[in-house]
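These notes concern the structure reproduced below.
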Amino acid sequence: MGREEREAGSRKQGGSGAGGPASPCAACKLLRRRCAQGCIFAPYFPADEPQKFATVHKVFGASNVSKLLQELPMGHRSDAVSSLVYEAMARVRDPVYGCVAAISSLQRHIQLLQSQLAFAQAELVRLHLHHAAASHAVTDTAADADGKMMLSLDVLLDHALWSC
Ligand SMILES: [Zn+2]
């Protein structure tokens, strides 16, 4: 880092003074090239967020990112950059799985929630049946009602059948 900072300092061409050329985007600054008007990186990698481009460059390479952006319509480039930054940061954090770690963890979570949902729905159906059977049984004798509420669904269904 120290060497880069020294080199960047020795090449400083102004730009900080009022009326000077606009400061280069984070990409051009890192690549040490002039940030020409219409620079493909400039709208998505502002100078005040240097880490975004540094990470994307490290993982995907500047020229691949540039090619990818050029092939996309303007309206999709911002989202593409957001996803590239997310993927790159995940890859730096976890060199083995990258953002796949998050994806598979979320997929496991979805599976768990789906099985819990299926269980809850089955339980709901069971309780509806139980309630229907119990209320049917209660029409016989009010005195038996409390005891019947505690009985299993099978017993209640049997009773309901007999009382019909
Ligand atoms: Zn630039």
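Consider Ser63 carefully, then state whether it is surrounded by fewer than 17 Cβ atoms within 10 Å (Cβ to Cβ) and under 16 Å from Cys25 (Cα atoms). The answer is yes for Ser63. Scanning the range 30-64 for residues that are under 12 Å from Val85 (Cα atoms) and in contact with a Cys (Cβ under 9 Å, 6 or more places away or on another chain) returns Tyr44, Phe45, Phe53.
Only residues that are buried (at least 17 other Cβ atoms within 10 Å of the Cβ) and out of contact with any Pro (no Cβ under 8 Å at 6 or more places or on another chain) were counted in the range 21-30, giving 3. Close Cβ contacts (under 7 Å, 6 or more residues apart or on different chains) running from residues in the range 88-106 that are surrounded by 13 or more Cβ atoms within 10 Å (Cβ to Cβ) to residues that are part of a loop (DSSP other than H, G, I, E, B) comprise Ala90/Gly98; Arg91/Gly98; Ala101/Asp94. Meeting the requirement of 2 or more residues that are modelled with pLDDT of 95 or more, the helices (runs of 4 or more DSSP H) wholly within the range 52-152 are 62-70, 74-93, 99-138.
The values are calculated or read from the model by the stated rules, or taken from the named source; none is laboratory data. Predicted, not measured: the structure shown is a model, and the values here were computed from it. Backbone-built Cβ (ideal geometry, glycine too); neighbour counts: all protein chains shown.
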